[in-house]
Amino acid sequence: MSTTHRVAVVGATGAVGEELRRQLDSRGFPLAGDPVFVASERSAGRRLPWKDREVEVQALGPDVFDDVDIALFSAGATRSREFAPIAVEAGAVVVDNSSAFRMDDEVPLVVSEVNPEDARTRPKGIIANPNCTTMVLMVPAKPLHDAFGLREMVATTYQAAGGSGQSGITELVEQARKLVDDVDRLRTEGLDAEAAVSPDNFSKAIAFNVLAHCGDFEDDRYTVEERKLVDESRKILSIASLKVSPTCVRVPVVVGHSIAARLTFRDEVSRAAAMQVLADAPGMVVEDGTGRDGEELAYPTPLGSAGRDEVVVGRIREDLGDPHSLNLFVSGDNLLKGAALNTVQLAELVAAERA
């Protein structure tokens with residue numbers, strides 16, 4: 001079988017689509033000819049840069065999947081539900097970045113460093129890319145689970161405005177420009193400052209603020225984002241009984257999701273043992289230093305994770321009240337590992353099968 005593959009990028013003009021294009025190029029994916037760039041009807045005919053030339057965008061429709069081996073979807077759940085089965089019927093393996101198929105029992109939910117073997121079994125011809133926040137946490141959680149037996153997680157997320165796409169980034173920047181010169185109002189008239197901007201992507205002003213609200217609320221007062229963290233963690237780690245207590249928070253950061261997590265294990269766990277496990281884990285780097293006694297001060301930040309392929313883990317410490325628990329802080333680029341990079345890594349797994 002050929003070692004090159006015809007690839008379609010659905011949603012090629014979006015923020016994640018742009019990163020998908022860059023990852024296919026920078027990682028040297030074994031392409032057969034130019035990729036097929038696909039977007040909505042209004043973007044059809046645009047020309048997007050590819051290497052030293054441009055490739056014309058095609059409108060999303062059944063015909064775009066003719067002769068496509070792998071289709072990378074990042075165009076929202078509605079389009080994925082409609083067109084992913086069509087792409088599979090045309091002969092492609094679909095790697096989907098939306099929420100459409102994540103909890104489908106016949107669709108594997110895969111983080112490339114965590115459960116790559118699951119990608120091989122795909123009855124519907126589809127592999128799902130996890131939620132960007134869940135994905136960041138799973139990279140350190142899996143090796144720790146393998147070593148100590150994960151039982152419970154308390155996870156508080158700090159999710160970037162860019163998690164809502166380019167429009168979320170634009171809203172943050174525009175609000176910041178409007179409010180930045182009015183420090184007195186920010187300091188003494190906060191409700192007026194919140195009311196001075198008109199939120200679109202977010203429920204309240206995101207600039208100079210922290211919002212205890214990510215995703216729509218459900219009947220139990222948890223949000224959809226929080227539910228994803230629960231359900232997807234259980235599926236990726238294959239721990240149906242995993243207890244997860246989530247709180248998802250939106251913060252005024254352009255790119256980079258962070259999670260403060262308390263992980264509770266079957267076995268007792270020490271910082272030293274955890275550090276040894278994490279030092280050898282794929283897809284991540286440990287930045288963990290207090291700055292005391294000549295030690296470098298090092299810990300993850302969302303800004304410091306932007307543009308990095310690796311997830312960054314730090315503030316690793318034993319829990320003060322439970323010898324079975326560990327606390328840590330993790331940051332990762334939600335457009336890279338949280339979306340485009342993992343999507344391309346999953347496509348690489350498919351390509352390796354067919355090589």
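The values are calculated or read from the model by the stated rules, or taken from the named source; none is laboratory data. Quantities reported herein were computed from a predicted structural model and do not represent experimental measurements. Ideal geometry is used to build each Cβ from the backbone, glycine not excepted, and the neighbour counts take in all protein chains shown.
Side notes on the structure shown:
- Subset tally (residues that are within 24 Å of the chain's Cα centre (by Cα), among the aliphatic types (A, V, I, L, M) and assigned to a helix (DSSP H, G or I)) for the stretch 38-84: 2
- Within the stretch 191-230, tally of residues that are touching a Gly at 6+ places or on another chain (Cβ under 7 Å) and in contact (Cβ under 8 Å) with a residue 24 or more places away in the chain: 3
- Scanning the stretch 45-88 for residues that are acidic (Asp, Glu) and in contact with a helix residue (DSSP H, G or I) (Cβ under 9 Å, 6 or more places away or on another chain) gives a single hit, Asp69.
- The condition of being part of a helix (DSSP H, G or I) and in contact with a strand residue (DSSP E or B) (Cβ under 9 Å, 6 or more places away or on another chain) does not hold for Leu263.
- Test: residue in the stretch 85-100 that is assigned to a loop (DSSP other than H, G, I, E, B), more than 18 Å from Leu335 (Cβ to Cβ) and charged (D, E, K, R): no
- For beta carbons closer than 9 Å, sequence separation of 6+ or different chains, a first residue in the stretch 37-53 that is free of Cβ contacts under 8 Å to residues at least 12 places away in the same chain and a second that is outside any loop (DSSP other than H, G, I, E, B) and small (Gly, Ala, Ser), the qualifying pairs are Arg42/Ala59.
- Identification of helices (runs of 4 or more DSSP H) wholly contained in the stretch 127-244 with 2 or more residues that are among the β-branched types (Val, Ile, Thr), modelled with pLDDT of 95 or more and buried (at least 19 other Cβ atoms within 10 Å of the Cβ) yields 132-148.
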